[in-house]
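Peer 1: Dropping a structure here in structure tokens format, bear with me for questions.
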Amino acid sequence: MTVAQDGSADAQRAIAIAAGQPMFATGLAEHAGWTASAYGSQDRYGLWRVDFFAADGAALGWAQVRLSDERVFAWDSSFGIADESYEAIQEALLGFLRYDSEFLAFAGDVDDNDWTWVGYDDSRDTWTVYVERGPESLVVTLRSANEWARSLEDLRVVEIEVPALVSVDEWRSMRGSAAAALAFTDARVAAAVRGLDGWVSEAEQIGESVWLVRFRWEGQTLAEAEVDLALASVALR
């Protein structure tokens, strides 16, 4: 269902042009009772603005349309996945990954998980599968060859991301903090800083899993330890 803001034939035409575009057509078909409104900008570009809404009034997207050549110059949509479609879409995406050679070679059985979640990114025309595996969780991005149709056919894996692989600076900070925490478990380190307000720790990576941790207070080094995170060992210098 469509409702034009000014009720004009041009407004109805702008809505029809936008609604017929692949990036809107499939999503609107999944939202019974959707509505739309439109107005003409009356500027040098001759554009019409079209807004789409779900039956409950939630925004579904917008488009900027030129009637003279029935072209959409800009748009955005946020259909997501309808509740009634979620289970079938999830099974289709997981079913693809169960047999995709690239995914299998990298990640193994997709059913080896604590739970999964799927979504659709309207701005990129991609499907997302989140595979919960604790620190080895994955975010898999897939795209169909049938562009902007929200299709589950002719899929391919675009990328596989491991979210736990943070930036280098963040990784160093996390590992340094872990090394300092492990060093502090040594009673001699704890004793060296006991009762001193404002002491700090500094960690420097000196090997693949080995960190040199210094505990300092007012410019003095109170304790120094080599920490091997792989072995969970602490050796005071």
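Peer 1: Positive end of the charge dipole of the chain (Lys, Arg +1 and Asp, Glu -1 on Cβ, about the Cα centre): tell me which of Val72, Ala181, Gln90 has its Cα farthest that way.
Peer 2: The residue sitting farthest along the positive end of the dipole is Ala181.
Peer 1: If you don't mind, another one. Quick one: 3J(HN,Hα) in Hz for segment 60-73, Karplus 6.51/-1.76/1.60 with θ = phi - 60°, rounded, Gly and Pro as x.
Peer 2: 10, x, 8, 8, 10, 10, 10, 6, 4, 10, 6, 10, 9, 8
Peer 1: May I pose another question? Provide the gained length on full extension for the span Arg216 to Trp148, in nm with one decimal, where the gain is 0.36 nm per separating residue minus the Cα-Cα distance.
Peer 2: 18.7 nm
Peer 1: Okay, next question. Per DSSP H run of at least 4 residues, take -39500 (n - 2.57); add these up for the chain, divide by its residues and hand me the 222 nm value, nearest 500 deg cm²/dmol.
Peer 2: -8500 deg cm²/dmol
Peer 1: About the Cα centre of segment 83-161, how large is the charge dipole given +1 on each Lys and Arg Cβ and -1 on each Asp and Glu Cβ? Please answer in debye to the nearest 20.
Peer 2: Dipole size: approximately 220 debye.
Peer 1: Cut-off is 10 Å between beta-carbons; in what order do Arg194, Arg172 appear when sorted fewest neighbours first?
Peer 2: Arg194, Arg172
Peer 1: Let me ask something else. Return the FRET efficiency for the residue pair Ser41, Glu161: r is the Cβ-Cβ distance, R0 is 45 Å, and the value is rounded to the nearest 0.05.
Peer 2: E(calc), rounded to 0.05, equals 0.70.
Peer 1: Please work out the FRET efficiency for the pair Phe106 and Gln12, using the Cβ-Cβ distance as r and a Förster radius of 45 Å; give the result to the nearest 0.05.
Peer 2: 0.35
Peer 1: Restricting attention to segment 95-158, which GluC sites (Glu not before Pro) occupy a DSSP loop and are surrounded by at most 13 other Cβ atoms within 10 Å? All intermediate terms of the calculation are to be shown ahead of the outcome.
Peer 2: Details: sites: Glu102, Glu132, Glu136, Glu147, Glu153; in loops: Glu136, Glu147, Glu153.
Filter output for segment 95-158: Glu136, Glu147, Glu153.
Peer 1: Sticking with this one: With each label point set 7 Å from Cα along the Cα-Cβ vector, what nm distance links Phe73 and Thr141?
Peer 2: Those two pseudo-labels are separated by 2.8 nm.
Bear in mind these aren't lab numbers, they're just calculated from the coordinates by the rules spelled out. Since this is a predicted model, take the numbers as computed values, not measurements. Quick reminder, even Gly has a Cβ in these numbers, built from the backbone with ideal geometry, and neighbours come from all protein chains shown.
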